[in-house]
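Enquirer: Structure in structure tokens, see below.
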Amino acid sequence: MFKKKECVAMLLAGGQGSRLYALTQNVAKPAVPFGGKYRIIDFPLSNCTNSGIDTVGVLTQYQPLVLNDYIGNGLPWDLDRTYGGVKILPPYQGKDSADWYKGTANAIYQNMKFIEQYDADYVLILSGDHIYKMDYAKMLKFHKKNNADCTIAVIDVPIEEASRFGIMSVNEDDSIFKFSEKPKNPDSTLASMGIYIFNKQKLFDYLTEDAKDPESANDFGKNIIPNMLSAKERMFAYRFEGYWKDVGTLSSLWEANMDLLGEEPIFSLSDEKWRIFTRHGALAPQYIGEGAKVKNSIISEGCKIYGTVENSILFGGVTVMPGSVVRDSVVLGGTYIGAGSEVSYAILDTEVYVGAGVKLGAGKDAKQEVTVIGAQTKIADGQKIDAGTMIPDVR
Amino acid sequence: MKAAGLIFSNIHDRNISEMTAKRTMASLPFGGRYRLIDFPLSNMVNSGITKVGIITHNNYRSLIDHIGTGKDWDLARRNGGIMLLPPFITAFDSPVANKLYTTRLEALMGVMEYITHCTEELIVLSDSDVVCNMDLRAVIEQHEETSADVTVVVREKEFGNDVKIGANTIVVSDEEGNISEFVENTALAQGKCDVSMNILVINKLFLVSLVNNSIAHGFKGFYGQALPFCHSGAVYKTYRYNGYCAEIEDLSKYFCANMQMLDEEIRDELFGNKDRPILTKVRNMAPTQYGKNAKVSNSLIADGCKIDGTVENSVLFRGVVVKKGTVVRNSILLQNTWTGENVSLNCVISDKNVFIRDGITLFGHESMPFYITKGKMI
């Protein structure tokens with residue numbers, strides 16, 4: 001029964017996502033809700049399942065309660081396996097030392113034993129920051145074909161955006177000769193997606209070496225990858241084509257949600273061949289009342305809609321009362337929008353209570369930032385919330 | 001827990017033979033995302049019952065598919081949990097004599113092994129043709145307080161000309177709820193009578209002796225023979241249920257009951273109770289997508305639909321597609337019904353995986369909904 005696992009995935013899920021501010025006060029970034037019923041971490045987890053990778057270590061650190069609860073035994077992703085499956089790996093107290101995960105590389109370093117117990121040949125490093133559908137099996141095949149030590153997934157980005165990413169410069173055979181983190185003058189448009197496949201032994205060697213260096217930031221992008229490059233290891237860039245979105249900022253999170261709308265959405269969640277799995281309960285079907293107007297929107301179970309909803313994403317159990325209008329917004333689970341209220345270009349976190357006659361945010365053409373209301377915030381009747389306002393979670 | 005549950009999945013299949021040709025009554029889809037068994041099953045689970053047997057007869061593939069491991073009802077247990085009890089035929093002569101059971105009593109005989117092995121003191125019996133959200137704890141509590149052997153849950157029903165004869169058992173009882181008689185022939189009934197909801201709490205040992213007695217005497221009827229025979233010296237009580245209840249007696253009742261889900265009060269009573277949620281199999285479908293031409297009002301819609309047409313007063317199950325220009329009124333569209341452009345539907349029940357081509361018009365009537373069989377292409 002205890003057969004070897006060829007490839008073990010390690011999912012870095014300890015990030016705070018501080019730029020998501022109000023949405024990550026109480027949850028780690030990978031647990032931030034997305035697309036009407038999902039959370040960001042559903043994407044790498046579903047990708048693993050769909051790629052045939054059944055052993056995933058999830059490294060948690062920042063606000064892990066929701067994430068732990070959410071992943072549970074891994075059943076929704078078919079990762080509740082007798083051998084392997086999904087395992088939560090929090091920082092722990094060792095025999096000689098105890099420490100928080102100091103960096104991405106250090107987190108993996110501290111969990112080398114986890115990888116070892118499956119006798120893995122390859123280690124897939126993932127992060128919980130992106131929305132995308134990707135077949136990791138194809139990347140692994142590419143890695144093996146090139147007899148590489150490390151393969152980094154890259155995506156072609158517009159040159160004007162390239163300085164926001166880690167940029168790879170490659171030879172004709174896509175082997176990497178230069179890596180520059182957020183270069184001012186990028187000489188390539190191949191951006192690292194933060195997805196790596198390593199040969200296990202090579203990875204362990206570099207991690208161990210890196211751990212000895214007190215000056216090191218213990219980070220893949222800053223230390224491990226440059227060190228491997230300067231030692232002339234075989235490193236390749238795996239080109240990914242398709243939708244890939246970093247949802248690290250409030251506006252990019254909003255945009256990614258909007259990408260789901262339309263007859264032929266830029267990014268579709270209803271692809272039967274590449275399903276995105278998620279944990280959710282059994283809420284009653286949504287009810288669209290008389291007098292309701294719903295257009296170009298995504299609405300989830302348990303919602304009650306009596307008002308107008310346009311170009312919006314509504315999560316489970318949202319109530320939109322008569323006469324109210326929700327436009328260009330992302331409304332998270334259990335939020336209530338009172339009668340005659342107007343919500344435009346906003347992200348409302350879970351269980352927000354918007355009273356009657358509230359005016360929240362302005363049209364998205366107003367060149368304002370998206371308005372964000374933290375979880376369980378109560379907005380009294382008749383209040384006006386200016387566009388671009390951010391009210392953090394008060395808990 | 002001191003009670004175990006036992007659900008009859010097939011008993012009322014004939015009520016709605018159109019839709020049960022390829023499924024059990026228990027697995028009949030209802031209310032946008034549920035199946036009928038979700039109601040008795042959730043009622044049991046919400047009352048703390050952690051061991052449930054489901055008695056099946058035939059056509060139970062869809063039921064097995066729906067129940068799975070029982071995980072969605074938290075009944076995937078090492079101790080107890082859910083168990084499907086398919087027909088049990090021994091190779092040798094038995095009371096059921098190598099044929100499938102035909103009555104409730106024979107069904108119970110077939111699962112005696114399961115009943116006798118229960119360590120629980122009480123057995124809660126339930127059929128799967130009744131839609132309700134009932135607190136069975138209260139029934140069990142009353143059962144214990146009154147030291148009853150059998151407690152029958154009853155509700156008031158008005159008997160007139162439109163009531164199907166033989167669909168109900170009238171339970172006659174005094175003010176204290178002591179049962180004096182079960183009347184199975186309801187042909188002469190007039191006015192308000194208490195009828196059994198076929199939800200019963202029975203002391204396990206009493207049930208065992210009742211079934212054994214019935215085997216010995218060759219009884220066939222549960223209310224007509226077995227219960228009256230064992231009545232002397234035993235305490236039979238009624239428990240009065242006043243909440244919402246829909247009985248699926250035939251296709252038009254099925255249609256009406258689904259339409260009642262559009263009533264906010266009824267919906268809140270059935271699904272709005274946070275302590276007693278109706279649980280069902282959870283599938284992973286994307287949320288429902290509304291297009292630019294969507295016009296939806298007074299409708300109950302499950303996840304995974306794609307709507308770009310008009311939907312009014314209707315119940316849409318998972319994965320229904322309503323294309324541009326299509327008008328769906330007063331209809332129940334089961335899972336994965338696909339309608340093309342400019343289709344017009346009124347009072348239609350379409351079963352699973354029905355495909356309706358562009359421009360087709362189909363009208364039924366409330367009393368006679370137009371039913372389209374599973375997988376049909378029109």
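The values are calculated or read from the model by the stated rules, or taken from the named source; none is laboratory data. This one's a predicted model, so the numbers in the text were calculated from it and none came from an experiment. Here the Cβ is made from the backbone with ideal geometry for all residues, glycine too, and neighbour counts use every protein chain on show. For the accessible areas, the whole protein counts, side chains as well, though only heavy atoms, and no ligand, DNA or RNA atoms are used. Shrake-Rupley method; radii C 1.70, N 1.55, O 1.52, S 1.80 Å.
Enquirer: Going through segment B:5-29 one residue at a time, which ones are surrounded by fewer than 20 Cβ atoms within 10 Å (Cβ to Cβ) and small (Gly, Ala, Ser)?
Expert: Here is the first cut: in segment B:5-29, the ones surrounded by fewer than 20 Cβ atoms within 10 Å (Cβ to Cβ) are B:14, B:17-18, B:21-22.
Hits for segment B:5-29 are B:Ser17, B:Ala21.
Enquirer: Regarding B:Met134, is this residue closer than 28 Å to B:Val45 by Cα and part of a loop (DSSP other than H, G, I, E, B)?
Expert: On the way: closer than 28 Å to B:Val45 by Cα: yes; part of a loop (DSSP other than H, G, I, E, B): yes.
Taking the combined requirement at face value, the residue satisfies it.
Enquirer: State yes or no: is B:Tyr254 within 15 Å of B:Gly32 (Cα to Cα), crowded, with 23+ Cβ neighbours inside 10 Å and either away from chain A (no Cβ under 13 Å) or basic (Lys, Arg) (or both)?
Expert: Values: within 15 Å of B:Gly32 (Cα to Cα): yes; crowded, with 23+ Cβ neighbours inside 10 Å: yes; either away from chain A (no Cβ under 13 Å) or basic (Lys, Arg) (or both): yes.
It is true that B:Tyr254 is within 15 Å of B:Gly32 (Cα to Cα), crowded, with 23+ Cβ neighbours inside 10 Å and either away from chain A (no Cβ under 13 Å) or basic (Lys, Arg) (or both).
Enquirer: Okay, next question. Being in a strand (DSSP E or B) and within 7 Å of chain B (Cβ to nearest Cβ) is the filter; apply it to segment A:251-299 and report the residue that is most open to solvent (accessible area, probe 1.4 Å).
Expert: Kept after step one, since they are in a strand (DSSP E or B), are these residues of segment A:251-299: A:286-288, A:293-295, A:297-299.
Now narrow it down to the ones that are within 7 Å of chain B (Cβ to nearest Cβ): A:286-288, A:294-295, A:297-299.
On the way: A:Gln286: 0, A:Tyr287: 17, A:Ile288: 0, A:Val294: 2, A:Lys295: 75, A:Ser297: 0, A:Ile298: 6, A:Ile299: 0 Å².
Ranking the candidates gives A:Lys295 first.
Enquirer: Counting only residues that are at positive phi and not in a loop (DSSP other than H, G, I, E, B), how many does segment A:350-359 have? Explain how you work it out, then say what you get.
Expert: Of all residues in segment A:350-359, those at positive phi come to A:351, A:357.
Of the ones still in play, those that are also not in a loop (DSSP other than H, G, I, E, B) are none.
Residues that pass the stated criteria total 0.
Enquirer: In segment B:74-86, which residue that is in contact with a Lys or Arg (Cβ under 9 Å, 6 or more places away or on another chain) and open to solvent by less than 50 Å² (accessible area, probe 1.4 Å) is modelled with the lowest pLDDT? Quick ask: steps written out before the conclusion?
Expert: Step one: of segment B:74-86, the residues in contact with a Lys or Arg (Cβ under 9 Å, 6 or more places away or on another chain) are B:75, B:77, B:79-83.
Keeping just the survivors that are open to solvent by less than 50 Å² (accessible area, probe 1.4 Å) gives B:75, B:80-82.
On the way: B:Leu75: 94, B:Gly80: 90, B:Gly81: 94, B:Ile82: 95.
Looking at the filtered set, the residue picked out is B:Gly80.
Enquirer: Now for a separate question. Please find, within segment A:8-40, the residue that is nearest to the other protein chains (Cβ to nearest Cβ) out of those that are under 25 Å from A:Glu255 (Cα atoms) and in a strand (DSSP E or B).
Expert: Going residue by residue through segment A:8-40, those that are under 25 Å from A:Glu255 (Cα atoms) are A:11-40.
Checking which are in a strand (DSSP E or B) leaves us with A:11-12, A:33-34, A:38-39.
Working: A:Leu11: 19, A:Leu12: 24, A:Pro33: 12, A:Phe34: 11, A:Tyr38: 9, A:Arg39: 13 Å.
By that ranking, first place goes to A:Tyr38.
Enquirer: Only one of (1) of a type outside the set (Asp, Glu); (2) more than 22 Å from B:Arg267 (Cα to Cα); (3) at the interface with chain A (Cβ under 7 Å from one of its Cβ atoms) fails for B:Met285. Which number is that?
Expert: (3)
Enquirer: Please name all residue pairs, on different chains or six or more residues apart, with Cβ atoms under 9 Å, provided the first residue is in segment B:154-165 and is under 19 Å from B:Gly177 (Cα atoms) and the second residue is modelled with pLDDT of 90 or more and of a type in the set (S, T, N, Q).
Expert: Close Cβ pairs satisfying both conditions: B:Val154/B:Ser173; B:Val154/B:Ser196; B:Val154/B:Thr238; B:Arg155/B:Ser196; B:Arg155/B:Asn242; B:Glu156/B:Asn242.
Enquirer: If you go through segment B:30-47, how many residues are among the aliphatic types (A, V, I, L, M), open to solvent by less than 10 Å² (accessible area, probe 1.4 Å) and closer than 13 Å to B:Leu75 by Cβ?
Expert: So in segment B:30-47, the residues among the aliphatic types (A, V, I, L, M) come out as B:36-37, B:41, B:44-45.
Narrowing further to those that are open to solvent by less than 10 Å² (accessible area, probe 1.4 Å): B:36-37, B:41, B:44.
Keeping just the survivors that are closer than 13 Å to B:Leu75 by Cβ gives B:37, B:41, B:44.
Adding up the residues that qualify gives 3.
Enquirer: Taking A:Lys113, is it of a type in the set (D, E, K, R), within 23 Å of A:Asp219 (Cα to Cα) and open to solvent by less than 20 Å² (accessible area, probe 1.4 Å)? Walk me through how you get there before you give the answer.
Expert: Details: of a type in the set (D, E, K, R): yes; within 23 Å of A:Asp219 (Cα to Cα): yes; open to solvent by less than 20 Å² (accessible area, probe 1.4 Å): no.
In short, no.
Enquirer: For segment A:41-55, name all the residues that are closer than 16 Å to A:Asp271 by Cα and assigned to a loop (DSSP other than H, G, I, E, B).
Expert: Across segment A:41-55, the qualifying residue is only A:Ser51.
Enquirer: Where in segment A:300-349 are the strands (runs of 3 or more DSSP E), entirely inside, with at least 1 residues that are in contact with a Gly (Cβ under 8 Å, 6 or more places away or on another chain)?
Expert: Here the list reads A:325-327, A:342-344, A:346-348.
Enquirer: Could you name every one of the helices (runs of 4 or more DSSP H) located completely within segment A:57-122 that has at least 2 residues being within 18 Å of A:Lys212 (Cβ to Cβ) and in contact (Cβ under 8 Å) with a residue 12 or more places away in the chain? So that I can check it myself, show each step before the final result.
Expert: Details: elements: A:65-71, A:104-109, A:112-116.
Where helices (runs of 4 or more DSSP H) fall fully within segment A:57-122 and carry at least 2 residues being within 18 Å of A:Lys212 (Cβ to Cβ) and in contact (Cβ under 8 Å) with a residue 12 or more places away in the chain, they are A:104-109.
Enquirer: Only one residue in A:Leu260, A:Leu314 is touching a Cys at 6+ places or on another chain (Cβ under 7 Å) and at pLDDT 95 or above, so which one is that? Don't jump to the end; show me each part of the working.
Expert: Numbers: A:Leu260 fails: touching a Cys at 6+ places or on another chain (Cβ under 7 Å).
On inspection, the qualifying residue turns out to be A:Leu314.
Enquirer: Further question on the same structure: Identify all residues within segment B:322-333 that are open to solvent by 30 Å² or more (accessible area, probe 1.4 Å) and part of a strand (DSSP E or B); write none if there are none. Can you show your working first?
Expert: Pass one, segment B:322-333, residues open to solvent by 30 Å² or more (accessible area, probe 1.4 Å): B:323-325, B:327, B:329-330.
B:Val327, B:Arg329, listed by residue number.
Enquirer: Then there is this: From the list A:Leu45, A:Leu12, A:Leu67, exactly one residue is open to solvent by 10 Å² or more (accessible area, probe 1.4 Å) and in contact with a helix residue (DSSP H, G or I) (Cβ under 8 Å, 6 or more places away or on another chain). Which is it? Write out each step before concluding.
Expert: Values: A:Leu45 fails: open to solvent by 10 Å² or more (accessible area, probe 1.4 Å); A:Leu67 fails: open to solvent by 10 Å² or more (accessible area, probe 1.4 Å).
The match here is A:Leu12.
Enquirer: Of these, A:Ser180, A:Ser216, which one is open to solvent by less than 30 Å² (accessible area, probe 1.4 Å) and in a loop (DSSP other than H, G, I, E, B)? Give the derivation first.
Expert: Details: A:Ser180 fails: in a loop (DSSP other than H, G, I, E, B).
Answer to the selection: A:Ser216.
Enquirer: Quick one: how many residues across segment A:313-327 are away from chain B (no Cβ under 12 Å) and touching a Ser or Thr at 6+ places or on another chain (Cβ under 6 Å)?
Expert: Qualifying residue count for the region: 4.
Enquirer: For segment A:192-223, which residues satisfy the criterion of being of a type in the set (Asp, Glu), more than 17 Å from A:Leu124 (Cα to Cα) and touching a residue at least 40 places away in the same chain (Cβ under 8 Å)?
Expert: First, pick out the residues of segment A:192-223 that are of a type in the set (Asp, Glu): A:205, A:209-210, A:213, A:215, A:219.
From the residues that got through so far, the ones that are more than 17 Å from A:Leu124 (Cα to Cα) too are A:209-210, A:213, A:215.
If the condition is that a residue be of a type in the set (Asp, Glu), more than 17 Å from A:Leu124 (Cα to Cα) and touching a residue at least 40 places away in the same chain (Cβ under 8 Å), then A:Asp210 is the only one that fits.
Enquirer: Look at A:Gly338 and say whether it is farther than 17 Å from A:Ile373 by Cα and at pLDDT 95 or above.
Expert: Values: farther than 17 Å from A:Ile373 by Cα: no; at pLDDT 95 or above: yes.
For A:Gly338, the condition - farther than 17 Å from A:Ile373 by Cα and at pLDDT 95 or above - is not met.
Results for (1) surrounded by fewer than 20 Cβ atoms within 10 Å (Cβ to Cβ); (2) of a type outside the set (A, V, I, L, M), shown as yes or no for each residue.
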position	(1), (2)
B:Ala107	no, no
B:Gly110	no, yes
B:Tyr114	yes, yes
B:Ser128	no, yes
B:Leu136	no, no
B:Asn178	yes, yes
B:Gly191	yes, yes
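Enquirer: Can you tell me which of B:Asn330, B:Asn298 is within 14 Å of chain A (Cβ to nearest Cβ) and in contact (Cβ under 8 Å) with a residue 40 or more places away in the chain? Walk me through how you get there before you give the answer.
Expert: Numbers: B:Asn298 fails: in contact (Cβ under 8 Å) with a residue 40 or more places away in the chain.
So the residue among B:Asn330, B:Asn298 that is within 14 Å of chain A (Cβ to nearest Cβ) and in contact (Cβ under 8 Å) with a residue 40 or more places away in the chain is B:Asn330.
Enquirer: Tell me which residues, restricted to segment A:208-243, are farther than 22 Å from A:Ser175 by Cβ, within 25 Å of the chain's Cα centre (by Cα) and of a type outside the set (Gly, Ala, Ser).
Expert: A:Asn218, A:Asp219, A:Tyr243
Enquirer: When you scan segment B:336-378 for strands (runs of 3 or more DSSP E) that lie fully inside it, which ones turn up with 2 or more residues that are open to solvent by less than 70 Å² (accessible area, probe 1.4 Å)? Show your work before the answer.
Expert: Numbers: elements: B:344-346, B:348-350, B:361-363, B:370-372.
Because the criterion is at least 2 residues that are open to solvent by less than 70 Å² (accessible area, probe 1.4 Å), the strands (runs of 3 or more DSSP E) in segment B:336-378 that meet it are B:344-346, B:348-350, B:370-372.
Enquirer: Can you find, within segment A:302-321, the residue that is least open to solvent (accessible area, probe 1.4 Å) among those that are more than 18 Å from B:Ala294 (Cα to Cα) and more than 22 Å from the chain's Cα centre (by Cα)? Show your work before the answer.
Expert: We begin by selecting, within segment A:302-321, every residue more than 18 Å from B:Ala294 (Cα to Cα); these are A:302, A:315-319, A:321.
With more than 22 Å from the chain's Cα centre (by Cα) added as a condition, the list becomes A:302, A:317-319, A:321.
Values: A:Gly302: 21, A:Gly317: 24, A:Val318: 0, A:Thr319: 26, A:Met321: 50 Å².
The extreme case among them is A:Val318.
Enquirer: Here's a follow-up. Hey, can you tell me all the residues within segment A:183-210 that are part of a helix (DSSP H, G or I) and open to solvent by 40 Å² or more (accessible area, probe 1.4 Å)?
Expert: First, pick out the residues of segment A:183-210 that are part of a helix (DSSP H, G or I): A:200-210.
Passing the criteria: A:Gln201, A:Lys202, A:Asp205, A:Thr208, A:Glu209.
Enquirer: I've got another one for you. Scan segment B:294-313 and tell me whether some residue there is surrounded by 18 or more Cβ atoms within 10 Å (Cβ to Cβ), touching a Pro at 6+ places or on another chain (Cβ under 7 Å) and part of a loop (DSSP other than H, G, I, E, B).
Expert: yes
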